[in-house]
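Each value in this text was obtained by applying a stated rule to the coordinates, not by laboratory testing. What you see is a predicted model, and the numbers here were worked out from it, not measured in a lab. Here the Cβ positions follow ideal geometry from the backbone for every residue, glycine too, while neighbour counts run over all protein chains shown.
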Number of protein chains: 4
Amino acid sequence: MKENKVMYGKGLSVACVPFYPCGDRFVPTGYREDRDTLEQKLEKIASLGDVTGVELSYPAEFEEPGPMAEMLKRVGLKASNLEVEIFGAPKWKYGALSSRDDKLREEAIELSKKCVDAAASMGCEQISLWPGQDGFDYPMQIDYKEAWDRTIDAVKEIARHRSDVKIAIEYKIKEPRTHIHFSTVGKVLLTALETQADNVGVMIDFGHATMAGENVAESVILAHRQGKLFHLHLNDNFRMWDDDMIVGSVHLWETFELFYTLEKIKYDGWYSLDIFPYREDSLGTIRASLDMVRKLVEAAQRVDSSKIAQLQKANDAVGICEYLRKELLG
Amino acid sequence: MKENKVMYGKGLSVACVPFYPCGDRFVPTGYREDRDTLEQKLEKIASLGDVTGVELSYPAEFEEPGPMAEMLKRVGLKASNLEVEIFGAPKWKYGALSSRDDKLREEAIELSKKCVDAAASMGCEQISLWPGQDGFDYPMQIDYKEAWDRTIDAVKEIARHRSDVKIAIEYKIKEPRTHIHFSTVGKVLLTALETQADNVGVMIDFGHATMAGENVAESVILAHRQGKLFHLHLNDNFRMWDDDMIVGSVHLWETFELFYTLEKIKYDGWYSLDIFPYREDSLGTIRASLDMVRKLVEAAQRVDSSKIAQLQKANDAVGICEYLRKELLG
Amino acid sequence: MKENKVMYGKGLSVACVPFYPCGDRFVPTGYREDRDTLEQKLEKIASLGDVTGVELSYPAEFEEPGPMAEMLKRVGLKASNLEVEIFGAPKWKYGALSSRDDKLREEAIELSKKCVDAAASMGCEQISLWPGQDGFDYPMQIDYKEAWDRTIDAVKEIARHRSDVKIAIEYKIKEPRTHIHFSTVGKVLLTALETQADNVGVMIDFGHATMAGENVAESVILAHRQGKLFHLHLNDNFRMWDDDMIVGSVHLWETFELFYTLEKIKYDGWYSLDIFPYREDSLGTIRASLDMVRKLVEAAQRVDSSKIAQLQKANDAVGICEYLRKELLG
Amino acid sequence: MKENKVMYGKGLSVACVPFYPCGDRFVPTGYREDRDTLEQKLEKIASLGDVTGVELSYPAEFEEPGPMAEMLKRVGLKASNLEVEIFGAPKWKYGALSSRDDKLREEAIELSKKCVDAAASMGCEQISLWPGQDGFDYPMQIDYKEAWDRTIDAVKEIARHRSDVKIAIEYKIKEPRTHIHFSTVGKVLLTALETQADNVGVMIDFGHATMAGENVAESVILAHRQGKLFHLHLNDNFRMWDDDMIVGSVHLWETFELFYTLEKIKYDGWYSLDIFPYREDSLGTIRASLDMVRKLVEAAQRVDSSKIAQLQKANDAVGICEYLRKELLG
């Protein structure tokens, strides 16, 4: 019980990714076997004390919302977010929402609408869109105007489908394309404003933000200022690539800063672990991430925010470094 | 005469930077002497065939618009843009528009308004704001909410001062701070929309965009879609830092793509050389940049845009590479 | 006939990679089907005018050197290089040559020796070692001393197996590990010197060098100064990741500089295309790469090397930019 | 007294940089005034409990070793290292040791020899060479073979001057040139082996290693394996640039790993703070850095190295993350 109290907002959820084979281009079949059924994966997640939700991929992980909702009920987890899978098949290789192939683009839009309906029927308040194949690889490869017009019109159409489910757009600067259109927090927020749809906002993935050269807490504030901070993904990396590592394993201070900021703005959404442990134990990486989250959330709640505000007012970097070192490292 | 025809929009202008000592932190007094008066610098710029404008720094290069306008008339150049200098003195070290020091922030706003007035009185249609010290160096150093609120309010106030002069906000991801608030094209466009001021838009600096992981032509299109592409800076770098090198000396294809895109959208603003040649000859770097601009603009006008459109429609990277190689390399 | 003359040294070879499905972690089964047999792939490669060799992966592409040699004879290609495949199965996930598992490490060494024997029996003068899983993902994850000692001892043992086959070590800074031990040209050359084995040298992959922040031509010279430049891979990328793109599609000047440098040192080894076209046509990307190679090799042979030497003597960056623009862009 | 015990090897020293104005190209005169004499700077450094040495720049900070030695005696500090200043004047803009200007190169070599003599006469065991201007800015700008031959011959000549003083070569991948020859630990170690001089080794600067994509502890081991780890600089940055920040303020885990590794190899040299606090308080940044060093050195000495060795043997990233979190964050 106590553990849950230190967690934010609607709760902490986990994506099932660590239980999949997690391959790369050199070992495409993955570094581990996929042994469990989806229900067994969910049971393992539910057995972790602090986790109350799960993030699901649609239709990759399920197609019928009814049976899925029942399975979630059985294992005692809520659906925190449904991700529309519009990036994981060869047909999407040149994009989904921006596709120059009208039929394919329509298919992506329809799938997104069905995902919105599935979410509504399962009591899940939001879906996420990551148009990861919507971008380009070479200079001069595409007409950017056409790509952006088609993307934004698609987002508008999906958002209009129903207003009671939120659409969180996830951004990432590269991979699998060398350039992805939704690359930074600024571009997603710009899109949210352009669509003028209340239910379009942003999902900030820690590693994606870091890869784009962003400070994650600043991105959180930018989104929050617009009332557009819909969802969060936790993980870590070495800034050059989306390494999807254990939370806090590289950027300790920035991860603390994220939680401090969420505390400050009284963030009331979900946040999810989104890691991709190629070689590490599935449950182990989740547990190590949760332990770090708990440690840093406790610290974020414990520190003297008026003292910090005072140091920040003075731009006092030395004071901040000294204070955080004492508070976190003892 | 013929050369000028291939140049875009209002014309090509040059900033005087290459004539200054161009120091760095190891050689702060610079790698060359500052021998010429401002008028002599302008005369040298005017002697280059294709250049019809100059970009000036206010109040670093002049304080009184009247005499400045006369000097420009004498040398035969127009003022393409006035940059407000709110980053080059120790007092701005923790920011200007976002400063937590009310008095200092007010000083920055007033200076910007005076710059707007100077522009108007000189027949210069725009100023640029580069709040390069407005950012932070360490995690947790500042309150991002406060910083952004203050910045955007300041931009609003400057924009309201008069509506007949455009305000082009220049972004850059780092330097001189490890993180600058206006870091990407998306953040500036978001700000432009939030301010709801018609005269607030973006200046895209080639190297700043590249440093932020952007494709410059895509950033141009994003700005153009919003009617917010106000100004352009040309230069080049190795993506990690703002090396401010000769145009096209690293990113040949992307530089071509920029001109191809400007041609396509019929860009009608100014564009300026903004290079910082630490060790190279002042006029030489400008001339080598102009020669490359001319070469690539000619190519952008010569290529078969319907052929390119067809290849782009098909996402045909191979076809594009083959076509551009033949067109540009013979 | 004429085309072949402009190619360097032993000739230009191609790896079969573009004919494989080329998947990534989001589309692990790949963006295309693997339709051809190895012999069909080789026939397609042989049909390209300029290519005289092929680079093969052992034992991934063949196990018995006899039949393989016959197949090569049938299609009219030479084996330019055999790569030992010690990175593409889950068992190598924590490394091969540096593995802390004695038995696994022994397996990797034995496989490498068998590859050396296969090369000798096929009249192929070299093998390449890319210990791409030999590295680490997290700080503190491994004992670096042990890892390097084991790696270097393994290289020594493989090199000693027979002296008539060269061992070209390929380096890369990351992927599939977040850190790979052989990350830069300097580390490989250091290893070559430490082993004191004449047959240990370096393979420089254009994109790997670029990703590591190297200038490729400078790396070529460093290796050549030590008599250790054994092999070359051609491709391109955006510096942050090993995008394995069409030759010259990003770094035109650096690619030209590479050929200019090979010309200067009278490079007499093989060089290979090593691209990974996820979405592009297999033969198309090879052809576009070859066309660029030919174009730049011709330019490298045509330019006035005494003029260039004179400009270089004076560190004249402006002069070099002007000269190259005129020579390459007309 | 107790504090000194936790410090390594010969001791901890500080460079005077934080007391200088610390300008950049936008504020070349610096963000603070240079108020103190050298002796006053040294007194302030000496007043910090843990510091027993100072790193001096020759001839920028002193020319005559006699009076300098007396001043050090007065303030109670040892000279840990003398840096030859061959990068801070316009004349060195195209390099010092590699200069194509014979006379200038000779001047750099002679200055280095005089520095070696000064060190010997002051009882300082080593000098450092950072040929930071020895590199290039543009592709094709220089002849790499000539540059490396001249550089290595210069190092040999300096090393031969006397064998009782060590020459620590400092590497950095860029700044002030876009490419510096001595860019990575591998290139310096290769040079050390090529010169066959016992007194040539490497200085590893934390931020320079990080900027080059290195893991600092691995670089330390590579140097130590060759008996070439001569000196260390402590600081931190955001990986893209040499931000020279407070120790541990970004890379906590890697900084811990560095101390853990130094402990393991029983490092017996000096290590120095080398920070460049543009905007922060001079003494404050030094003190915050020292406090972090002490905290992490204590942790490095306290942790269970056999437990860590066991986890490392198993490549157990999860176990390492969990263990370090508990040990460092409580």
Q) Got the C:Ser306 label distances to the other copies yet, label 7 Å along Cα→Cβ, in nm, shortest first? A) 5.0, 7.4, 8.2
Q: Pick out, in residue order, every one of the chymotrypsin sites (Phe, Trp or Tyr not before Pro) in region B:1-71 that is DSSP loop and has at most 16 other C-beta atoms within 10 Å; say none if there are none.
A: B:Phe26
Q. Can you name the residue in chain A whose Cβ lies closest to the A-to-B rotation axis, and give that gap in whole Å?
A. A:Gly186, 1
Q) Under 17 Å from the 7 Å Cα→Cβ point of C:Gln196, by amide nitrogen: which residues of region D:225-248? A) D:226-227
Q. With charges only on Cβ, +1 for K and R and -1 for D and E, what is the dipole size of the protein assembly as shown about its Cα centre, in debye, rounded to 20?
A. 0 debye
Q: Name the residue, out of D:Asp50, D:Asp274, D:Asp291, whose mean-square fluctuation peaks in a Gaussian network model built on chain D with Cα pairs under 10 Å.
A: D:Asp291
**Q.** Helical mean residue ellipticity (222 nm; -39500 (n - 2.57) per DSSP H run of 4+; nearest 500) of the protein assembly as shown
**A.** -13500 deg cm²/dmol
Q) What are the label-to-label distances in nm, one decimal and shortest first, from B:Phe26 to the same spot in the other copies, with labels 7 Å along Cα to Cβ? A) 2.2, 3.5, 4.1
Q) ³J(HN,Hα) across region A:204-210 via Karplus (A = 6.51, B = -1.76, C = 1.60, θ = phi - 60°), whole Hz, x for Gly/Pro? A) 9, 9, 3, x, 5, 5, 4
Q) Beyond 27 Å, what percent of the Cα pairs of region D:40-182 remain? A) 26 percent
Q) So if we plug the beta-carbon distance of A:Glu64 and C:Ala89 into 1/(1 + (r/R0)^6) with R0 = 51 Å, what FRET efficiency do we get, rounded to 0.05? A) 0.85
(Q) When only alpha-carbon atoms are used, what values of Rg and Dmax, in angstrom, describe region D:170-311? (A) 15.2, 44
Q. So if we plug the beta-carbon distance of D:Glu263 and D:Arg160 into 1/(1 + (r/R0)^6) with R0 = 41 Å, what FRET efficiency do we get, rounded to 0.05?
A. 0.75
Q: Using only alpha carbon pairs under 8 Å that are at least six residues apart, calculate the relative contact order of chain A and give it in whole percent.
A: 17 percent
Q. When we measure straight from the Cα of B:Lys44, which lysines land under 17 angstrom away, once same-chain ones fewer than 8 places off are left out?
A. B:Lys73, B:Lys78
**Q.** Where labels lie 7 Å past Cα in the beta-carbon direction, separation of B:Arg74 and A:Leu104 in nm
**A.** 6.3 nm
Q: Under a cut-off of 23 Å between alpha-carbon atoms, report the lysines in cross-link reach of D:Lys174, not counting same-chain residues fewer than 8 places apart.
A: B:Lys172, B:Lys174, C:Lys172, C:Lys174, C:Lys187, C:Lys313, D:Lys91, D:Lys93, D:Lys145, D:Lys187, D:Lys228
Q | Three-way shape call for region B:8-47 based on the alpha-carbon gyration tensor, with the a/c threshold at 1.5 | A | oblate
Q. Mean projection of the alpha-carbon convex hull of region C:74-124 over all orientations, in nm²?
A. 4.2 nm²
Q.
For a quick check: with amide H placed at 1.01 Å from N, whose amide H comes under 5 Å from C:Ile169's, ignoring anything fewer than 5 positions away on the same chain?
A. C:Leu129, C:Gly201, C:Val202, C:Met203
Q.
For peptide C:239-247, what's the mean number of Cβ atoms from other chains within 10 Å of each residue's Cβ?
A. 5
(Q) Can you tell me which of D:Ala60, D:Ala212, D:Ala309 moves the most in a GNM of chain D? Springs connect C-alpha atoms under 10 Å apart. (A) D:Ala309
(Q) Can you give me the C-alpha center-to-center distance between region A:286-328 and region D:191-245, rounded to a whole angstrom? (A) 31 Å
Q: Taking trypsin sites (Lys or Arg not before Pro) as candidate sites, keep only those in a DSSP loop with at most 13 other Cβ atoms within 10 Å, then name the longest stretch of chain C containing none of them.
A: C:36-161
**Q.** Two-decimal ratio, chain C, of alpha-carbon radius of gyration to 2.2 N^0.38 Å
**A.** 0.98
Q: Provide an ascending nm list, one decimal, of label-point separations from C:Gly123 to the equivalent residue in each further copy; define each label point as 7 Å from Cα along Cα→Cβ.
A: 7.2, 7.5, 7.8
Q. Using a ≥ b ≥ c from the Cα gyration tensor of the protein assembly as shown (square roots of the eigenvalues), is it rounded, prolate or oblate, where a/c under 1.5 gives rounded and otherwise the larger of a/b and b/c decides, a/b for prolate?
A. rounded
Q | Only Lys, Arg (+1) and Asp, Glu (-1) charged, at Cβ; region D:45-142 dipole about Cα centre in debye | A | 20 debye
